[in-house]
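Take a look at the structure below.
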Amino acid sequence: MHRMKNIEYDEDDLYAEDEEVDGEEEQAYTDEDRQNFDDLTPVVRAELDEAGLQASDREIEEALYYYYWDVGKSVVHLKHARTPRPQQQQAKKEKAKSKFDQAAERSASKTGRSSYPSPSASAWFDGILWSTVPSEWEGYLIPVGPQIPRPKLLGGSSKLAKLAEERRKKAASSQTAPSVPDTGLSSLDRLSKPKDPKENVLPQHAKQEPKKYPIRKKRELTPPPKEPSPPPEVEPKEELPDLRASPTAFARTLSTGPSQAARTRSMALDELFSSSTNEENPFKGPSPDDTILRAQQHSKGLNNGKATKQFANGLAKKAEALKLDQTSSPTTPTQPKIKSKGLDVPKLWKDGKAKRKPAAAFVVIGHVDHGKSTLMGRLLLDTGAVSQRDIDKYKKQATELGKASFALAWVMDTGSEERERGVTVDIAQHHFSTDKVDFTILDAPGHRDFVPNMIGGASMADLAVLVVDANQLESGMKGQTREHILLAKACGLKRIVVAVNKLDSSSPPWGEATFEQVKDEVTKLLTATGFAAEDIAFVPCSGLNGQNVVTPVPSNGKTGWVASSSRTLLQELERSASDNVAEATIKASLRMQIADVFRGGITNPLSVSGRIATGNVQVGDSVIVQPSGETAAVRGIEASSDGVEWAVASQLCTLHLTDIEPQHLRAGDVLCSTSKPVPVVKSFVVQIQALESILPQGVDVHVGRLHTSGIIAALITTLDAQGELLKKKPRVVKAGQSANVKVVLSDGGAPLEVGDRVVLRANGSTVAAGKVERTGSCR
Amino acid sequence: MRLIKQTIQKKDGSGSATLLPEEPEDMWHAYNLIRANDLLRASAIRKIVKESAAGSRSVDRVHTNLTIRVTKLDFDTQASQLHVSGRVAEENKHVTLGSYHTLDLELQRNFTLEKAEGWDSVALDTLKESINQTAKAQLWAVIMQEGLANICLITEHQTILRHKVEVSLPKKRAGSSDHDKALQKFYQTTFDSLLRQIDLADPKPLLLASPGFTASSFQQYIKTQAASGANKQLHQLVPKITVAHSASAHLHSLSEVLSSSAVTSKLSDTKFARETQLMDRFFDLMRNDDARAWYGPKECEAAVERGAVGKGGGVLLISNALFRSQDINTRKRWVQLVDEVKDQGGEVRVLSSMHESGKRLEGLGEIAAILTYPIENLDEEVGDEHGGIDDLENDPDGSAVNGIEGRSEAHEDIEI
């Protein structure tokens, strides 16, 4: 009867499962088992000796365990195992082994690499630096061809496959007798395959039964029901394994939320690596399932096996579809109105590399009133980015306000309040090019109240220009010169050009001694902060008069030493600019922190600007804005005030967005790719360098433009210079120490990833800076 | 609050007190006074279902005085309302013994409180503080930066965030006046929200604080509005405005503002001034890694045990959140600690968990002590009893130190 058959089939399945678990838990023999072993092993050994065969205790024990202490069967089995097996049988066995298992075997045998997924997503990403990925890591994310079947199903089967693998190893050592079912099948295969290996090898000869009740078949695929415990006289000790204990990939897919979906995806990637690093592609050619299916289609009837298999295939497809759904679920299906041209941006970027001028963005930092904005105004005027006419206009207006000397600064300070008070408040962005390099100036405010804005600017720059007033070194050293240097380092800037400004008004004017003194002091501070000596350059100059900014000073007279010993500011900047973005950074998922949300004009009512940290973007792309989670479409891109088709990492650009409401966009939000959005986290652990003593306290948390508040909830550890643990749960982190602390954000969550650079401030001064070690619960 | 009648015995703390809450802050005091298991008698409105012999049902709402044995308290910080649930402990003709009722304490209506465990020293101190009629300092504060403004009401014991204005401002941009326009709109929004909160007929002092010039620009904006003459009452507000500097618009910057001289001169709140002074002293000691400053429940208990928080400068700073514990033993533990310090001659400051100084204490495990002599490595002796602080997943609100039972209630207050 059909139904009877089904039941048997289930039972079969169940036993196979039992044995698999035995294999895994062989270490855990009970005392009674051991007693039995002690009693029976000598008996078996004696029998074997008679037959002239040798066997290890372990083999004997295993055989005994398999045959439930039946000495006779064990001996027969071991004899079989000792005598060389016919070649044909070997071949048969090979054939029965599915490709799935081969892949699993490979992954399992890879040294030091477990095919188990990491227990949590954060652990999985542990130690991965997002911003500076070592080149040897980078290759992994690339080669996912679309034609490769989605490897997600493997993710679930890996555990089972590993079990199977373990069993197989054991089988190889004990040369499995026919009564032990051949287990070249992972459980997933078994779902769709008849148990009998004979049927597997020769499906045409198998008795073919027409499919009668296709609906009923479905039941087979639910996990086998828990059987009443096997008859006690057979195996009283044996415990029925909980068959529901390890969910299948399908089940996991069904039950996971979107946050876990990301994890599943990472597991899938893991599987992919383990198989793709191998020369041989196990997915090449038709799968064993396909082969059998084809064979069955050729045969007249439809057999039982096929029906199940078809279903299993359908199931796989459904699971596939589900997964596709899930990965794309953050993308609301609303088709953006702007068609994407589907450009291969990394390739375009690579091809155009030779033709392009290198581009660099530099942030201008330093203490308030040391002449940052004026120096930049001068730079723009002398490079022709700003016309003399504009400057004259500013000069006239500034004179009316009684601030004639601020005329140059007004190029950068465009806000009415800034002009009135003569203080830069926010970052000003200005673009200019020379013959060699495209520059973007980010003019940071020097006032201590506006340090948050300076952090935003520094996070968008490639290098820093530190402006120091030669006559007021002291004030800066106590004030923002010091803090800005620390922050520039904390924001990851490596190269710094120090412009020693206002040398025309020093006493004596253009005194070399003054310059040298400033140079010594600043060098000391910079090296103490961690800048390498070769990354520091000094330029003596005067921003107000424009000496040694763009035009070199006369090589005679007071300024002779300048002309002979140093470059102009512009030359030094050109020398420092480099265009060395790694290709992997460009191919990575899009991350762009919004620096500003504004109305770009009548045609572009909603625009955002910022620096692309990783990845690339092109017109027509869909992007997700975190933390709001809303999607938007990119309808236009501007880079250095020209419309472009695409933009890549490290570029400062403006994106014109549509299909999103402006309230979902704030400065500090992150635009990211729809496939892999940044998680929004409420708490995180950050490894900090303390600049002041730190207690559990309220702090302002700065991540680039993002400015939010949080609480240092726990001091976890202090670390020494080598990163070794110094003290757990310290009561205070002293200035200069590095430590791991936990920060809990007060207002909702923030889009944060491991490796993001965080600055913590309290009471108007920077107390610590560091990198996110791991992130906490997602929203 | 006014004390109407009290029959408290000094000896054993038995007896009851009848109190009349007069203003919203009195609810906060009541919240700190009433504990689980206490007997509370107050007026209540109860629905009574009557069934006549003919089987018709009629529902009556009756005013009655009910005595309940408290099981749960619920304090609404925004509305300053206190709901006390419990089981009826005294039967009357409407209500049967043991049935459940939730009393909503109302202003200008007496309630009588009898302590289950007797009135301990902390409870008596709270009571004394709550019936103190003098010097009820109150001010409004707007702590702001460009694009963000927090409007709070600061009373003697509480800081209540009443409104938060958050606007996305476009940054400055050459040739565009969007920033200035948006800034004006931001001031307008903040101003409107502020007017909705404050009572112009009886204006309280108004404190504006921000980094940079935002606060002074906003003050200018209010002045312009007052000068435009649309709202006559606004003129009374203008002279009451104080402008101060704050590091940011976030609430934790408020402690810095409140301790600045510009504000303390206007606020004659000596209690808060003293508390802030002590907190600052504690933080200074910590910064210098002085072993005379310790925080955390275990550490402080150990220090008190050794008599280090005694005469000659010993101070125990403790948040009243710890005394609100539902668990009687936990409360007893802290009351004992406080009594111990008082016996030793040390100073005890019970800080309001809803006030700025109390909030700073919150991160330190609600309790801190300044010792009379340094004890090194107190934490190591106390042992590593509170684990799991580095467990991000299980600890989403990030309580700094586990093992304080009073902790969970404290969380009700942090989101003021």
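Tell me, yes or no, whether the range B:202-214 has at least one residue that is away from every other protein chain (no Cβ under 13 Å), part of a loop (DSSP other than H, G, I, E, B) and either of a type in the set (Val, Ile, Thr) or over 30 Å from B:Leu278 (Cβ atoms) (or both). There is at least one residue in the range B:202-214 that is away from every other protein chain (no Cβ under 13 Å), part of a loop (DSSP other than H, G, I, E, B) and either of a type in the set (Val, Ile, Thr) or over 30 Å from B:Leu278 (Cβ atoms) (or both). Could you run through the range B:246-261 and say how many residues are outside any loop (DSSP other than H, G, I, E, B) and either exposed (fewer than 15 other Cβ atoms within 10 Å of the Cβ) or modelled with pLDDT of 90 or more (or both)? So the answer is 1. Of all residues in the range B:302-329, those satisfying the criterion of being more than 14 Å from every other protein chain (Cβ to nearest Cβ), outside any loop (DSSP other than H, G, I, E, B) and buried (at least 19 other Cβ atoms within 10 Å of the Cβ) are B:Val304, B:Val315, B:Leu316, B:Ile318, B:Leu322, B:Phe323, B:Arg324. Is it true that some residue in the range B:277-290 is in contact (Cβ under 8 Å) with a residue 12 or more places away in the chain, more than 9 Å from chain A (Cβ to nearest Cβ), loosely packed, with under 15 Cβ neighbours inside 10 Å and outside any helix (DSSP H, G or I)? No; the residues of the range B:277-290 include none that is in contact (Cβ under 8 Å) with a residue 12 or more places away in the chain, more than 9 Å from chain A (Cβ to nearest Cβ), loosely packed, with under 15 Cβ neighbours inside 10 Å and outside any helix (DSSP H, G or I). Sub-7 Å Cβ pairs linking a first residue in the range A:531-553 that is under 20 Å from A:Leu408 (Cα atoms) to a second residue that is among the basic types (Lys, Arg), at least 6 apart or interchain, are A:Val539/A:Arg567; A:Ser542/A:Lys502; A:Gly543/A:Arg378; A:Gly546/A:Arg378; A:Val549/A:Arg378, ordered by first then second residue.
For the range B:80-108, filtered to residues that are in contact with a Leu (Cβ under 8 Å, 6 or more places away or on another chain) and of a type in the set (Val, Ile, Thr), the residue that is modelled with the lowest pLDDT is B:Val95.
Being crowded, with 24+ Cβ neighbours inside 10 Å, away from chain B (no Cβ under 12 Å) and under 32 Å from the mean Cα position of the chain (by Cα), is that true of even one residue in the range A:365-382? Scanning the range A:365-382, I find at least one residue that is crowded, with 24+ Cβ neighbours inside 10 Å, away from chain B (no Cβ under 12 Å) and under 32 Å from the mean Cα position of the chain (by Cα), so the answer is yes. Residues that are of a type in the set (D, E, K, R), under 30 Å from A:Gly770 (Cβ atoms) and either crowded, with 17+ Cβ neighbours inside 10 Å or not assigned by TED's automatic domain parsing to the domain that holds A:Arg378 (or both) within the range A:483-533 comprise A:Glu483, A:Lys489, A:Arg495, A:Lys519, listed in sequence order. The strands (runs of 3 or more DSSP E) found wholly in the range B:95-198 and carrying at least 1 residues that are over 24 Å from the mean Cα position of the chain (by Cα) occupy B:100-104, B:139-145, B:159-166. The residues of the range A:411-425 that are surrounded by fewer than 24 Cβ atoms within 10 Å (Cβ to Cβ), more than 8 Å from every other protein chain (Cβ to nearest Cβ) and part of a loop (DSSP other than H, G, I, E, B), listed by number, are A:Gly422, A:Val423. Taken over the range A:454-490, residues that are under 18 Å from A:Glu521 (Cα atoms), part of a loop (DSSP other than H, G, I, E, B) and out of contact with any helix residue (DSSP H, G or I) (no Cβ under 9 Å at 6 or more places or on another chain) amount to 1.
In the set A:Pro696, A:Pro677, only one residue is part of a loop (DSSP other than H, G, I, E, B), crowded, with 22+ Cβ neighbours inside 10 Å and free of Cβ contacts under 8 Å to residues at least 60 places away in the same chain; that residue is A:Pro696. Residues in the range A:766-779 that are within 8 Å of chain B (Cβ to nearest Cβ) and either assigned to a strand (DSSP E or B) or basic (Lys, Arg) (or both): 2 in all.
Here the condition is being buried (at least 23 other Cβ atoms within 10 Å of the Cβ), away from every other protein chain (no Cβ under 11 Å) and not small (Gly, Ala, Ser); of A:Leu691, A:Leu655, it holds for A:Leu655 alone. Among the residues of the range A:597-613, some residue qualifies, meaning at least one is buried (at least 18 other Cβ atoms within 10 Å of the Cβ), closer than 20 Å to A:Leu348 by Cβ, among the hydrophobic types (A, V, I, L, M, F, W, C) and not assigned by TED's automatic domain parsing to the domain that holds A:His431. Pairing residues of the range A:701-724 that are at positive phi with residues that are part of a loop (DSSP other than H, G, I, E, B), at Cβ distances under 6 Å and at least 6 apart in sequence or on separate chains, gives A:Gly704/A:Ser459. The one condition from (1) in contact (Cβ under 8 Å) with a residue 24 or more places away in the chain; (2) of a type outside the set (Phe, Trp, Tyr); (3) touching a helix residue (DSSP H, G or I) at 6+ places or on another chain (Cβ under 6 Å); (4) within 8 Å of chain B (Cβ to nearest Cβ) that A:Asn763 does not meet is (1).
Kindly indicate whether B:Leu73 is in contact with a helix residue (DSSP H, G or I) (Cβ under 8 Å, 6 or more places away or on another chain), assigned to a strand (DSSP E or B) and either within 29 Å of B:Glu129 (Cβ to Cβ) or of a type in the set (D, E, K, R) (or both). Taking the combined requirement at face value, the residue satisfies it. Checked across the range B:306-324, the condition of being more than 29 Å from A:Gln737 (Cα to Cα), aromatic (Phe, Trp, Tyr) and at pLDDT 85 or above holds for at least one residue.
The selection criterion, being away from chain B (no Cβ under 14 Å) and under 17 Å from A:Leu375 (Cβ atoms), does not hold for A:Ala428.
In the range A:335-386, which residues are closer than 24 Å to A:Gly457 by Cβ, part of a loop (DSSP other than H, G, I, E, B) and among the aliphatic types (A, V, I, L, M)? A:Val368, A:Ala385, A:Val386, listed by residue number. Under the condition of being aromatic (Phe, Trp, Tyr) and more than 8 Å from chain B (Cβ to nearest Cβ), the residues counted in the range A:431-456 number 2. Tell me yes or no: at least one residue of the range A:616-626 is within 14 Å of chain B (Cβ to nearest Cβ), assigned to a strand (DSSP E or B) and touching a strand residue (DSSP E or B) at 6+ places or on another chain (Cβ under 7 Å). The answer is yes, given that some residue of the range A:616-626 is within 14 Å of chain B (Cβ to nearest Cβ), assigned to a strand (DSSP E or B) and touching a strand residue (DSSP E or B) at 6+ places or on another chain (Cβ under 7 Å).
Residues are listed down the side, and each one gets a yes or a no for (1) more than 9 Å from every other protein chain (Cβ to nearest Cβ); (2) in a helix (DSSP H, G or I); (3) modelled with pLDDT of 90 or more:
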| position | (1), (2), (3) |
| --- | --- |
| B:Gly358 | yes, yes, no |
| B:Leu361 | yes, yes, no |
| B:Ala368 | yes, no, yes |
| B:Tyr373 | yes, no, no |
| B:His386 | no, no, no |
| B:Ile389 | no, no, no |
| B:Asp395 | no, no, no |
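Would you please name the residue that is nearest to A:Glu572 (Cα to Cα), looking only at residues in the range A:426-437 that are surrounded by fewer than 21 Cβ atoms within 10 Å (Cβ to Cβ) and of a type in the set (A, V, I, L, M, F, W, C)? Top of the filtered list is A:Val437. No other residue among A:Asp700, A:Asp720, A:Asp756 is within 12 Å of chain B (Cβ to nearest Cβ), acidic (Asp, Glu) and under 23 Å from A:Lys489 (Cβ atoms) apart from A:Asp700.
The values are calculated or read from the model by the stated rules, or taken from the named source; none is laboratory data. Bear in mind that the values here come from a model prediction, so they are computed numbers and not experimental data. Note: ideal-geometry Cβ built from the backbone for every residue, glycine included; neighbour counts use all protein chains shown.
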